[in-house]
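The values are calculated or read from the model by the stated rules, or taken from the named source; none is laboratory data. Owing to the predicted nature of the structure, the values given are computational and were not obtained by experimental measurement. Cβ: placed from backbone, ideal geometry, glycine included. Neighbour counts: every protein chain shown. The protein model used for the area step is the full one, side chains on, heavy atoms only, and it has no ligands, DNA or RNA in it. Shrake-Rupley method; radii C 1.70, N 1.55, O 1.52, S 1.80 Å.
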Amino acid sequence: MDRQRRVLGRDDPPAAWFVVDELSLYRRVGSPETMAAQLRHLLTVAAMPRVTMQVLPAIAHPCNASELIIADSAAYCEHMAGGYAYTDPAVISSLSVRFDALRAECYVLPRAWQ
């Protein structure tokens, strides 16, 4: 949460694109009150002007097994055993293409819901 505040709370925050697994919205972690607070937080973040949030439908997808963060000149992939930062432009380009394909398969949260 601190990192999120430092990045998204800046005066001029970077554009951010989040893909959330649909099933994670239903997976109970904590009390119903905790879950409601988490969903409210997602709506708050999605309503930020430079944020786009999409939901990956509840389907089997290779991207469900990893976290992916792409920045200007680096990418970071994480899985159960660890993570790795990539700086090779060819790898970053390949991951960006995969992320674009993933986004095409997602639902977009309408601005009217935010």
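Computed from label points 7 Å out along Cα-Cβ, the spacing between A65 and S93 is 2.6 nm.
Averaged over its residues, the range 49-114 has an accessible area of 69 Å² per residue, based on protein heavy atoms and a 1.4 Å probe.
Considering only alpha-carbon pairs that sit under 8 angstrom and 6 or more positions apart, the relative contact order computed for the chain is 26 percent. Given labels modelled 7 Å from the Cα in the Cβ direction, how far is it in nm from M1 to R50? Spacing of the two 7 Å Cα→Cβ label points: 2.3 nm. Split the accessible area of the range 12-114 by element, probe 1.4 Å, and carbon with sulfur accounts for 62%. Packing order of peptides 13-22, 26-35, highest average first: 13-22, 26-35 (average count of other Cβ atoms within 10 Å over each peptide's residues). Against the longest principal axis of the chain, how steep is helix 32-46, in degrees 0 to 90 to the nearest 10, with axes from Cα atoms? In the chain, helix 32-46 runs at an angle near 60 degrees to the longest axis.
As I understand it, the value is the acute angle between the Cα axis of helix 89-104 and the longest principal axis of the Cα atoms of the chain; what does it come to in degrees, rounded to 10? Long axis of 89-104 versus the principal axis of the chain: about 30 degrees. Shape analysis of the range 48-113 based on the Cα gyration tensor places the equivalent ellipsoid semi-axes at 23, 16, 11 Å, largest first. Equivalent ellipsoid of the chain: semi-axes from √(5λ) of the C-alpha gyration tensor, largest first, are 24, 18, 15 Å.
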